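Below is one structure, written out as structure tokens, with a few remarks after it.
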């Protein structure tokens, strides 16, 4: 007797579920309910104020980070050159901290804290020293001194690439790996 009821329940469950689901969907508003809720949600999205992508990226350091090359060229044609920076003055007031910098022998200009010019960003201003951030890293520049540009692989007047002179005096080569053939030992 239990077997007959179980088979009746299983046979009727699918059609009864479909009828109850269709009735609930119709009472909720049917297809119009779904379309109305989608229209209501998209109306809310139009009222959200957003900045254009360029303005958002430019206002933070994110834009500069995304536009910077992943691997900089440090030698050869198109190499990234370190700018020569000279600190000529420092100004500190309650409303502003700035430094007078000459970059690459161009006329000097005042840079406020956090401001960038010619690839140089003023990071910190201390008594007679500033810290600047360039494409090749941060460096400290003292008042009245110039930071020398990074040494290049080319000679200043010849344009010939400098040859490697070999290891420095006192350099000792590491031992060969244990898997090296016996003839590889020096």
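Being surrounded by fewer than 14 Cβ atoms within 10 Å (Cβ to Cβ) and not in a strand (DSSP E or B) is the filter here; which residues of the stretch 81-114 pass it?
93, 94, 95, 96, 105, 106, 107, 114
Looking at this structure, is residue 65 within 18 Å of residue 133 (Cα to Cα), surrounded by 12 or more Cβ atoms within 10 Å (Cβ to Cβ), at pLDDT below 85 and within 27 Å of the chain's Cα centre (by Cα)?
No: the conditions fail for residue 65.
Name every residue in the stretch 175-186 that is modelled with pLDDT of 75 or more and either surrounded by fewer than 10 Cβ atoms within 10 Å (Cβ to Cβ) or within 23 Å of residue 90 (Cβ to Cβ) (or both), in order of residue number. Break it down into steps so the answer makes sense when it comes.
Filtering the stretch 175-186 for residues modelled with pLDDT of 75 or more gives 175-179.
Residues satisfying the conditions are 175, 177, 178, 179.
Out of the residues in the stretch 129-174 that are in a loop (DSSP other than H, G, I, E, B) and under 31 Å from the mean Cα position of the chain (by Cα), state the one that is modelled with the lowest pLDDT. Don't jump to the end; show me each part of the working.
Pass one, the stretch 129-174, residues in a loop (DSSP other than H, G, I, E, B): 135-136, 144-145, 148-153, 155-160, 162-174.
Remaining after also requiring under 31 Å from the mean Cα position of the chain (by Cα): 135-136, 148-153.
Working: 135: 80, 136: 80, 148: 66, 149: 57, 150: 50, 151: 50, 152: 47, 153: 43.
In this case the residue turns out to be 153.
The values are calculated or read from the model by the stated rules, or taken from the named source; none is laboratory data. Note that the coordinates shown come from a computational prediction; the quantities given were computed from them, not determined experimentally. When we count neighbours, we look across all protein chains shown, and the Cβ atoms used for this are built from the backbone with ideal geometry, even at glycine.
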